[in-house]
Amino acid sequence: MPAKTHSGRRIFVPILLTISALLAPILLAPSSSAQESIVQIDPDPTKIEFSLGGNMHTVHGKFSLKSSTIRFDPSTGKMDGAIVVDARSGESGNGSRDARMHREILESFKFPEIVFRPMQIIGPVASEGSSHVEVSGRFRLCGEEHDVTLPIEVTASGKDLQFTTHMEIPYAKWGLKNPSNFFFRVSDAVAIEIHGAGRIQSGGNP
């Protein structure tokens, strides 16, 4: 009988160690917590840059982040909140071109905010190091909403986060005016690159 007991233990111990090894990444990752997490994105270090290709040159410019608070449930990936960009902050370094952009294309006097509302995150965010996730949600531009999914690279260091994402906005397809003229022709889509920094909280506590 003792021999059977030792044999059972020899079988049980590797199984227990295997289960522990499989559960460890889940238990250690932020996504394992059932508690709601909150991400505050800092406007100061966050850069929102755009580029619009043309037949003569590429136009480069930037926007400013106005505010951002995002809540998500790590157990389900459900998200809410908003990333709010100041539409009136858009500038490309050319006063007359920017004035036309705000007046005829963005209509920023009428639609002063560009808003992304995240709804779902796919993939875990590691507590340390880099992670790749996708976030789907609704993007509001000039009063119209569109479904988008953003690929996001996240680098975590404790509660501090840095992230980058890239997207192509088919502004002409979305109903915005193409600024092309007789001499200068531009693309129907504008590229957006975002480099941001923020801090993750749990249960609303720092």
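Brief remarks on what is shown
- Residue within the stretch 95-104 that is assigned to a loop (DSSP other than H, G, I, E, B) and among the small types (Gly, Ala, Ser) present: no
- Of all residues in the stretch 57-81, those being open to solvent by 70 Å² or more (accessible area, probe 1.4 Å), within 17 Å of ARG185 (Cα to Cα) and touching a residue at least 24 places away in the same chain (Cβ under 8 Å) number 1.
- Number of residues in the stretch 152-162 that are open to solvent by 60 Å² or more (accessible area, probe 1.4 Å) and part of a strand (DSSP E or B) equals 5.
- Exclusive hit being within 23 Å of the chain's Cα centre (by Cα), at pLDDT 90 or above and not small (Gly, Ala, Ser), set LEU65, LEU28: LEU65
- Within the stretch 33-56, restricting attention to residues that are in a strand (DSSP E or B) and among the charged types (D, E, K, R), the residue that is least open to solvent (accessible area, probe 1.4 Å) is GLU49.
- Condition met for VAL135 (touching a Leu at 6+ places or on another chain (Cβ under 7 Å), part of a strand (DSSP E or B), at pLDDT 95 or above and surrounded by 15 or more Cβ atoms within 10 Å (Cβ to Cβ)): yes
- Qualifying positions in the stretch 163-206 - outside any loop (DSSP other than H, G, I, E, B), open to solvent by 70 Å² or more (accessible area, probe 1.4 Å) and touching a Pro at 6+ places or on another chain (Cβ under 9 Å): HIS166, HIS195, ARG199
- Search result, residues across the stretch 69-111 that are at positive phi and under 21 Å from the mean Cα position of the chain (by Cα): GLY77, GLY81
- Some residue of the stretch 114-121 being surrounded by fewer than 20 Cβ atoms within 10 Å (Cβ to Cβ), part of a strand (DSSP E or B) and in contact with a Lys or Arg (Cβ under 6 Å, 6 or more places away or on another chain): yes
The values are calculated or read from the model by the stated rules, or taken from the named source; none is laboratory data. Owing to the predicted nature of the structure, the values given are computational and were not obtained by experimental measurement. Note that each Cβ is placed from the backbone with ideal geometry, even for glycine, and that neighbours are counted across all protein chains shown. Remember, those area values only see protein heavy atoms, side chains included, never the ligands or the DNA or RNA. Shrake-Rupley method; radii C 1.70, N 1.55, O 1.52, S 1.80 Å.
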